[in-house]
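Right, one structure below, let's go through it.
The values are calculated or read from the model by the stated rules, or taken from the named source; none is laboratory data. These numbers were taken from a predicted model, which means no experiment stands behind them. Note that each Cβ is placed from the backbone with ideal geometry, even for glycine, and that neighbours are counted across all protein chains shown. Each accessible area value is taken on the protein alone, full model and side chains, heavy atoms only, with ligands, DNA and RNA left out. Shrake-Rupley method; radii C 1.70, N 1.55, O 1.52, S 1.80 Å.
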Amino acid sequence: MIEPCRGDHGGHPDRPHALREYALLADGERGILVGPDGGIAWMCFPRWDSSAVFPGLIGGAGGYTIAPPERFVWGGYYEPGSLIWRSRWVTTEATIECREALALPSRHDRAVLLRRVVAVSGTATLEVTLDLRGDYGERPPRELRKRDDGAWSATLGDTRVCWTGAEDAVARAAGDGGQALGLRLELAEGEHHDYVLVLDGSGEAEPPAAERAWEQVASEWRRRVPEMPCTVAPRDARHACAVLTGLTSATGAMVAAATTSLPEHARQGRSYDYRYAWIRDQCYAGEAAARAGPLALMDDAVRFISARLLEDGPRMRPAYTTTGAEVPDPRRLNLPGYPGGTDIVGNHANAQFQLDAFGEALLLFAAAARHDHLDGDGWRAAHAAVDAITTRWNESGSDAGIWELDPDDWTHSRLICVAGLRAIARSAPRGRPAEDWLELAQRVLADTATHATHHSGRWQRSRRDQRLDAALLLAPVRGALSHEDERSTATLAAVAAELTEDGFCYRFRPDDQPLGKAEGAFLLCGFWMCLAYVQQGDRLSASRWFERNRSACGPPGMLAEEYDVRQRQLRGNLPQAFVHALLLECAAAQYELVA
């Protein structure tokens, strides 16, 4: 039974949730965050970096909620190997699930959000509201009307909207000239009801049949995410693969995260827009996919990064939009932001040079070549990356590095270039140019060792910065030098002693404060510790680091960039792709160690 809902709907959501409670729905072209209250807290359309149509996460107006009106206990889970999420609410009278997904296959100009409410036990009562906005909540829909077939339609800028399943919804004023739709749904035990929301930029918004759409999306996820038996944690490895797949566009580009402006440290101005494709991050995903597969994610990474290198060569940007366009400059929106954060869109990395991206690209291409997946364009891109390293590795003070800081001669960047040159030389035919690449690698390593070896025997951050950096763990892991080299073992020992706390690792000490005061632990660094111990053959230490860091999530299993060890909270944008990539790689690497 469906009844009009008389409650108050729409407007600004006043209580955002802890990041660990949000689930991700994604179809490669855009993503959605679903909160424990059944609310869609975030969605951009048509693409990841477009303006949000559900901007509640950072304080914008509008939303789409399906939830029980009475007290409930929340839970949820993903269907295995997919981003099909089931919100689950237990009330005093019933157990209710809402099956939710973005339909697949997807188009860049069309999004289909499927939501199926199921009365698992007892009589289910839910309130359903839809308040759709454009331009981060600033633009209400036009031409909202109920069609003769009972579906609701509207226009949002150039986008056509259609919502089915809500024939008995009632429209009411929602502020700013907008209108929200609301209704109350009741289902007997065992019954289900479908809602289908379509956003279409091509001028057509006809919805698919719900049953057929559900069959297709389940089939697509089965096709895209394999079982992964050759990992130590197949369930989490598959989940990581699903997350990375959901973040990867048809262009091959993988966004670094689905969100913008979520704070890494409350009220410290460290809120960034990560809805773009970082070269380094996607190389991590591709290298992980190569180790666990090969998986389609590896080929996607090779395709996108090859195109960027062939187009831009030594001027390759650290990040691009998913279409390969330039990332816009940062700007502020007129929104309150997520508590402790801001409302920034765009990213200042668009003006940076990051040397390590070229080394990471070579590592990716070498991994693809080992699987015989590197085509002619890939090899031409590899040559372009080598040429870029040749001309730019010794530019003094130009490299922003992995952490995107003030330019310096960052040791990590140079050592990753060494590793990339050696890896691609091993995959290339014997003779020149492979010999030249190995000679260049040796020259870069010798110069770096001369100027960036700390007096204690470990690596230091740069020739001018003697501090320790967890990124230096990657030098032996990626093959710049042996894991038995004294600098490798000294660096691992120093990181373990100076940059770790309670099983988590920090990237470096930005000041004299205790660890955790200036910023959270970096989950990426924790997984690097796992890989370092795998390389050392220390199964117990590797397992400890893997288990500790993969547990730093909530029920949906989403991992952010940082983790507040004291408060056990996620920090930064969500989900962070490179963290899931390293989880996947660690799961495969540990299997190799024990197999």
Selection from region 117-136 of residues that are of a type outside the set (S, T, N, Q) and surrounded by 21 or more Cβ atoms within 10 Å (Cβ to Cβ):
Val117, Ala119, Ala124, Leu126, Val128, Leu130, Asp131, Leu132, Arg133, Gly134, Tyr136
Working only within region 295-332, note down all residues that are in contact with a strand residue (DSSP E or B) (Cβ under 8 Å, 6 or more places away or on another chain) and either assigned to a strand (DSSP E or B) or hydroxyl-bearing (Ser, Thr, Tyr) (or both).
Ala319, Tyr320, Thr321, Thr322, Glu326, Arg331, Arg332
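In region 1-21, what residues are touching a helix residue (DSSP H, G or I) at 6+ places or on another chain (Cβ under 8 Å) and modelled with pLDDT of 90 or more?
Here is the first cut: in region 1-21, the residues touching a helix residue (DSSP H, G or I) at 6+ places or on another chain (Cβ under 8 Å) are 12-13, 16.
Across region 1-21, the qualifying residue is only Pro16.
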Out of Ile84, Ile58, Ile96, Ile66, which single residue is modelled with pLDDT of 95 or more, under 30 Å from Pro226 (Cβ atoms) and surrounded by 19 or more Cβ atoms within 10 Å (Cβ to Cβ)?
Ile84
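Let's see how each residue does on (1) open to solvent by less than 70 Å² (accessible area, probe 1.4 Å); (2) touching a residue at least 40 places away in the same chain (Cβ under 8 Å); (3) of a type in the set (S, T, N, Q):
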position	(1), (2), (3)
Gly177	no, no, no
Leu187	yes, yes, no
Ala209	yes, no, no
Arg212	no, no, no
Exactly one of these conditions fails for Thr231: (1) of a type in the set (S, T, N, Q); (2) crowded, with 23+ Cβ neighbours inside 10 Å; (3) assigned to a helix (DSSP H, G or I). Give me its number.
(3)
Looking at region 137-175, which of its residues are part of a loop (DSSP other than H, G, I, E, B) and either in contact with a Phe, Trp or Tyr (Cβ under 8 Å, 6 or more places away or on another chain) or open to solvent by 80 Å² or more (accessible area, probe 1.4 Å) (or both)?
Glu138, Asp148, Asp149, Ala151, Asp158, Gly165, Ala166, Ala169
Hey, can you tell me all the residues within region 512-568 that are touching a Ser or Thr at 6+ places or on another chain (Cβ under 7 Å) and not in a helix (DSSP H, G or I)?
none
Taking the options Arg443, Arg432, Arg426, name whichever one is under 32 Å from the mean Cα position of the chain (by Cα) and either modelled with pLDDT of 95 or more or not aliphatic (A, V, I, L, M) (or both).
Arg426
Subset of region 34-55 [open to solvent by less than 10 Å² (accessible area, probe 1.4 Å), of a type in the set (A, V, I, L, M) and touching a His at 6+ places or on another chain (Cβ under 8 Å)]
none
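Working carefully through the options Leu262, Leu244, find the one that is in a loop (DSSP other than H, G, I, E, B), touching a residue at least 12 places away in the same chain (Cβ under 8 Å), closer than 20 Å to Trp42 by Cβ and not acidic (Asp, Glu). Steps first, answer last, please.
Working: Leu244 fails: in a loop (DSSP other than H, G, I, E, B).
The conditions single out Leu262.
Could you please give the count of residues in region 351-370 that are assigned to a helix (DSSP H, G or I) and open to solvent by less than 10 Å² (accessible area, probe 1.4 Å)? Write out each step before concluding.
From region 351-370, those assigned to a helix (DSSP H, G or I) are 351, 356-370; that's our starting set.
Still in the list and also open to solvent by less than 10 Å² (accessible area, probe 1.4 Å): 356-362, 364-368.
Total meeting the criteria: 12.
Listed residues Arg487, Arg507; which is part of a helix (DSSP H, G or I) and either modelled with pLDDT under 95 or open to solvent by 10 Å² or more (accessible area, probe 1.4 Å) (or both)?
Details: Arg507 fails: part of a helix (DSSP H, G or I).
The conditions single out Arg487.
Have a look at Arg275, Arg238 and point out the one that is over 12 Å from the mean Cα position of the chain (by Cα) and either of a type outside the set (A, V, I, L, M, F, W, C) or not in a loop (DSSP other than H, G, I, E, B) (or both). It would help to see each step written out before you state the result.
On the way: Arg275 fails: over 12 Å from the mean Cα position of the chain (by Cα).
Answer to the check: Arg238.
Only one residue in Gly246, Gly252 is out of contact with any helix residue (DSSP H, G or I) (no Cβ under 8 Å at 6 or more places or on another chain), at pLDDT 95 or above, open to solvent by less than 10 Å² (accessible area, probe 1.4 Å) and of a type outside the set (Ser, Thr, Tyr). Which one? Explain how you work it out, then say what you get.
Numbers: Gly252 fails: out of contact with any helix residue (DSSP H, G or I) (no Cβ under 8 Å at 6 or more places or on another chain).
Being out of contact with any helix residue (DSSP H, G or I) (no Cβ under 8 Å at 6 or more places or on another chain), at pLDDT 95 or above, open to solvent by less than 10 Å² (accessible area, probe 1.4 Å) and of a type outside the set (Ser, Thr, Tyr) holds for just one of Gly246, Gly252, which is Gly246.
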Matching residues in region 429-462 - criterion: being touching a residue at least 24 places away in the same chain (Cβ under 8 Å), surrounded by fewer than 20 Cβ atoms within 10 Å (Cβ to Cβ) and aliphatic (A, V, I, L, M)
Ala449
Residues within region 401-428 that are touching a strand residue (DSSP E or B) at 6+ places or on another chain (Cβ under 9 Å) and either without any contact (Cβ under 8 Å) to a residue 40 or more places away in the chain or not β-branched (Val, Ile, Thr) (or both), tallied:
10
Quick check on region 192-205. Is at least one of its residues on the phi < 0 side of the Ramachandran plot, at pLDDT below 95 and open to solvent by 50 Å² or more (accessible area, probe 1.4 Å)?
yes
